1. Using the Cα centre of the chain as origin and beta-carbon charges of +1 (Lys, Arg) and -1 (Asp, Glu), tell me which of ALA273, PRO92, ALA285 is placed farthest towards the positive end of the dipole.
2. In which sequence would SER158, SER245 go, from the one with the fewest C-beta neighbours within 10 Å to the one with the most?
3. Which trypsin sites (Lys or Arg not before Pro) in region 208-287 pass both tests, a DSSP loop state and at most 11 other beta-carbon atoms within 10 Å?
4. Normalised by the residues of region 5-115, what does the relative contact order come to in percent, with Cα pairs under 8 Å and at least six apart?
5. In a shell of Cβ-Cβ distance under 15 Å around GLU26, excluding GLU26 itself, what net charge do Lys and Arg (+1) and Asp and Glu (-1) give?
6. Checking the cross-link filter: which lysines have an alpha carbon closer than 26 Å to that of LYS2, excluding same-chain neighbours under 8 positions apart?
7. Given Cα pairs under 8 Å that are at least 6 residues apart, what percent is the relative contact order of the chain?
8. Is region 256-328 rounded, prolate or oblate when judged by the Cα gyration tensor, a ≥ b ≥ c being the square roots of its eigenvalues, rounded requiring a/c under 1.5 and prolate requiring a/b larger than b/c?
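Derivation of every value follows stated rules applied to the coordinates shown; laboratory data play no part. Model, not experiment: these values are computed from the prediction. Methodologically, a virtual Cβ is constructed for each residue, glycine included, from the backbone with ideal geometry; neighbour enumeration extends over all protein chains shown.
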Amino acid sequence: MKILVTGGAGFIGSAVVRLAVARGHEVVNLDALTYAACLDNVATVAGSNLYSFEQADIRDRAALDRIFATHRPDAVMHLAAESHVDRSIDGPGDFIATNVTGTFNMLEAARGYWQAAGRPGGFRFHHISTDEVFGSLPPDPAVKFTEDTPYDPRSPYSASKAASDHLVRAWHETYGLPVVLTNCSNNYGPYHFPEKLIPVVILNALAGKPLPIYGKGENIRDWLYVEDHADALLLVLEKGAVGRSYNIGGENERTNLDLVRTLCAILDDLRPAARPYAELITFVADRPGHDARYAIDPGRIRDELGWRPSVTVEEGLRRTVQWYLDNEAWWRPLQARQGVGVRLGTGPGTTGSGGAEKVA
C-alpha cells in the first residue's frame, strides 16, 4: 500500500512513518516543516526506497493536487495540524488556517484525485484527531469518552480539531469519500517535541529548573505510548469500517501531579542528582479553559479490531526518559527554537504565569 502521510515529520506522524515503512508500505511524507517538525524524526527510514518526502503546506491546494497526481497514493493518513493548546490561546488564527482550512484542502484534493481515478473502493482517507474535541469529564472513573460522546471543545485548538472532524464526516456523507476517523488520548514517547508536558519535565529536571504544573496538578489524562498509537492507526486504516470513528486510548489515567512525580522517581533512578527531582515541582496559575479530565473508552477498537495498548504508563515513561537521556543531540537544538520551553497561553486576554507546560 502507498500511504500519503501528512505531518510525517512531527511526533505522531513520524512514528506512523517509521512503522509503516518497517511493515513494507510505501510512504510519502508531506510536511511543511514548521517549528515543531524535525526530519531527524524519520532519519532511520529516510534512505529506504519505500520512503519519499514532499515539503508542502496543506494550506496550499495547488501543491496538494500536484502531490496526489505525482504519487497516486492508495490511502491518506492526515496528521498535519497545529497541536499546542497554549499556542492556540495566544494565536488561534494559525489553528483555524491549518486545522480547518488545511483539512478542507486535503479533503478536496483527495476527493478530486479519488473521483478522477474512478472512485476506487479501496481508497481511504484516515483523519487523525484528539479526544479534546469531547470537552471535559467528571472525576467518576466509570465515565469515559465514547465515539458517541457529544462534541464540547473548550480551547481554540480543540475547536479547530472538532471542526475538521465534522468536515471529514460531511465529505463522506455528501460526496461518498471513503473515510475513517480516530480520536486519541495524550501521546508520549520518543521524539516528543520539547514543549509538551513530559519532555518539558524531563529536560527541565535535567537542567535543574522548576517543573511547572498548572493549578494543583489534579487534571487527569489518559496516556498513550506513541508507538502503540501508530500501530492502532495503521490497523484502523487497513481494517476499520468506512465512515466509522474509533477512539484510541492508553488505558493509563494519571493526574498531572502523579505523572510528574513518576517521572521524577524514574530520573532519580536513572540519573541521580544531588537532591530528589520532585523538589523542583512548582505549581503555577492554571491555564484558561483547562479541562479537568480526559479518559477514553476503547471498547470499539478492542471489540471490532482486536487492538489494545501494549505498554503500561510506567514502562512507557521509563523508556521515554531513557530515550531523552540517550538522545541529547536530538533535543538540544530544538530547545533553541522560538518559544520552546516558554510557557504560552498567557498573552493578552488570558491569565496565568510561570514556566512551560502543555497538557493536551
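1. Farthest along the dipole direction, towards plus: PRO92.
2. Exposure proxy ranking, most exposed first: SER245, SER158.
3. Sites meeting the loop and neighbour criteria: LYS216.
4. 28 percent.
5. Within the 15 Å Cβ shell, the charges total +2.
6. Excluding near neighbours in sequence, the set is LYS161, LYS239.
7. Rounded, it is 19 percent for the chain.
8. It comes out oblate by the Cα gyration axes.
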